[in-house]
Amino acid sequence: MVPSIRAEIITIGDEILFGQITDTNTQWIGTQLTDIGIRPVRKTSVGDIKQDILNAFTEASGRVNVVIVTGGLGPTRDDITKHTFCEYFGTELEINEDALKLVTEFFAKRGRKMTELNIQQAALPKNCTYIPNLWGTAPGMWFEKDGVVYVSLPGVPYEMKSLMEFEILPRLKAKFNTPFIQHKSVRTIGIGESFLAEKIAHWEDALPDHIKLAYLPHFGQVKLRLTGTGADALTLEKDLEGQVQLLLPLIAEYVFGFDSDELESVVGALLLNRDATLGTAESCTGGYVASQITSVPGSSAYFEGSVVSYSNDLKMSVLGVKKETLDAYGAVSEQTAIEMAEGARSALNVTFAISTTGIAGPEGGTDEKPVGTVWIACAGPDETFTQLLTLRNNRKINVEMTCSYVLNLLRKTILKTNLAVKS
């Protein structure tokens, strides 16, 4: 068995900890490391305080083989990464002539005058390996100490990504004999994480040692991610697929896709394969469902449009919801959801129409219909299906979960409907 190579990603900068910028670098770096067989085991964010950064380096060195550091390489006083590396490795800064040449060319091409601060961008710790940055002025740096590789990269995402892709990843692959790491995900909806775990407990207990399972819940969905490690890629892929085939019979009714599949793309493919069209009638989701549907490239081939009928007047005048229905059952009711979906199917002249009506919150609930009460419906050529959702006291979450559930209701309705499927 090829030994596992472990990595830690350290991001430096008060702006990350203060929430002033979103750390997208860590997610991207983690994916890239996994692709070459290096397992990220921890990520750490540290502010612009030298001792905290030194502590982070020391702690990381005791648990991983590779430390990837981003940020703190700018020319101003608050960027202290290079000085901290000097203290950590017992060295000092000196102007690197290759780095200075590249920085000089960078400014000359842009017709800009260099300042002393710009020149200092070329000052690097004496014992680092210089990594040229062709996309900016902050060079990358490579260090080795006690069997651990330290890589320092700029925090600017496009500069960091370019350095990783063209310089760091090839060097890491050459440095380490890494195993293959592969992921396979099974996407489920309509079953909670704990219930899902109970259903597949015996299967999970029987997983071989080189395959691990993670549960990743998100807005009514649970992604089951299998991660395998091995010396041979084809064997590993076969092992993962074999485990998926053992899993599917246990939870088939809840599975809507695999890996990067999203509900909106899955239902889009089902509609395309049946030459079917779709429309939406939305109240509590305010057009969010239509937005998700149209986020899929090529959705114009099957999506006709949406009616956002927030008011009862619009429900009646455009969708044909009966006043008697609203008076007797209210806007948030199964009966209204049915009439909205069937009315949209007729008004938009589509094969399927879905509807949402509910109390998204945080206000507007009653004892009978508390916040989070939502009715959804899907009208098709054969039948109209409905579902009652009892969600949370959070408006944003309620809208997103309603979208997931109504798209899944659409998916199940399409599969139940007798329509010719393209060969």
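Things to note:
- The residue pairs whose first member lies in the stretch 410-423 and is modelled with pLDDT under 95, whose second member is in a helix (DSSP H, G or I), and whose beta carbons are closer than 7 Å, counting only pairs six or more residues apart or on different chains, are 421/273; 422/273.
- If you go through the stretch 34-56 and keep only what is touching a residue at least 40 places away in the same chain (Cβ under 8 Å), open to solvent by less than 50 Å² (accessible area, probe 1.4 Å) and under 19 Å from residue 6 (Cα atoms), you end up with 34, 36, 37, 38, 56.
- When residues of the stretch 165-178 are limited to those that are touching a Leu at 6+ places or on another chain (Cβ under 9 Å) and under 23 Å from residue 259 (Cβ atoms), the one surrounded by the fewest Cβ atoms within 10 Å (Cβ to Cβ): 169
- Residues that are closer than 18 Å to residue 23 by Cβ and in a strand (DSSP E or B) within the stretch 137-181 comprise 151, 152, 153, listed in sequence order.
- Sole residue being among the aliphatic types (A, V, I, L, M), open to solvent by 40 Å² or more (accessible area, probe 1.4 Å) and in a loop (DSSP other than H, G, I, E, B), chosen from 134, 102: 134
- Strands (runs of 3 or more DSSP E) wholly inside the stretch 1-96 that include at least 3 residues being within 14 Å of residue 148 (Cα to Cα) and touching a Lys or Arg at 6+ places or on another chain (Cβ under 8 Å): 5-12
- When residue 281 is tested against (1) open to solvent by less than 10 Å² (accessible area, probe 1.4 Å); (2) under 23 Å from residue 182 (Cβ atoms), just one condition goes unmet, and that condition is (2).
- Residue match in the stretch 229-238 (condition: closer than 30 Å to residue 396 by Cβ, open to solvent by 20 Å² or more (accessible area, probe 1.4 Å) and at pLDDT 95 or above): no
- Test for residue 91: is it among the β-branched types (Val, Ile, Thr) and surrounded by fewer than 17 Cβ atoms within 10 Å (Cβ to Cβ): yes
- Sole exception among (1) touching a helix residue (DSSP H, G or I) at 6+ places or on another chain (Cβ under 8 Å); (2) in a loop (DSSP other than H, G, I, E, B); (3) loosely packed, with under 14 Cβ neighbours inside 10 Å for residue 191, by number: (3)
- No other residue among 294, 336 is closer than 16 Å to residue 375 by Cα and either surrounded by fewer than 19 Cβ atoms within 10 Å (Cβ to Cβ) or of a type in the set (Val, Ile, Thr) (or both) apart from 336.
- Annotation note: Cβ proximity below 7 Å between a residue of the stretch 272-287 that is in contact (Cβ under 8 Å) with a residue 24 or more places away in the chain and closer than 12 Å to residue 308 by Cβ and a residue that is part of a loop (DSSP other than H, G, I, E, B) and among the polar types (S, T, N, Q) (sequence gap 6+ or interchain) occurs for 281/309; 283/309.
- Restricting attention to the stretch 149-163, the residues that are under 21 Å from residue 56 (Cβ atoms) and in contact with a Gly (Cβ under 9 Å, 6 or more places away or on another chain) add up to 8.
The values are calculated or read from the model by the stated rules, or taken from the named source; none is laboratory data. Bear in mind that the values here come from a model prediction, so they are computed numbers and not experimental data. Here the Cβ is made from the backbone with ideal geometry for all residues, glycine too, and neighbour counts use every protein chain on show. Only protein heavy atoms, including side chains, enter the accessible area calculation; ligands, DNA and RNA are left aside. Shrake-Rupley method; radii C 1.70, N 1.55, O 1.52, S 1.80 Å.
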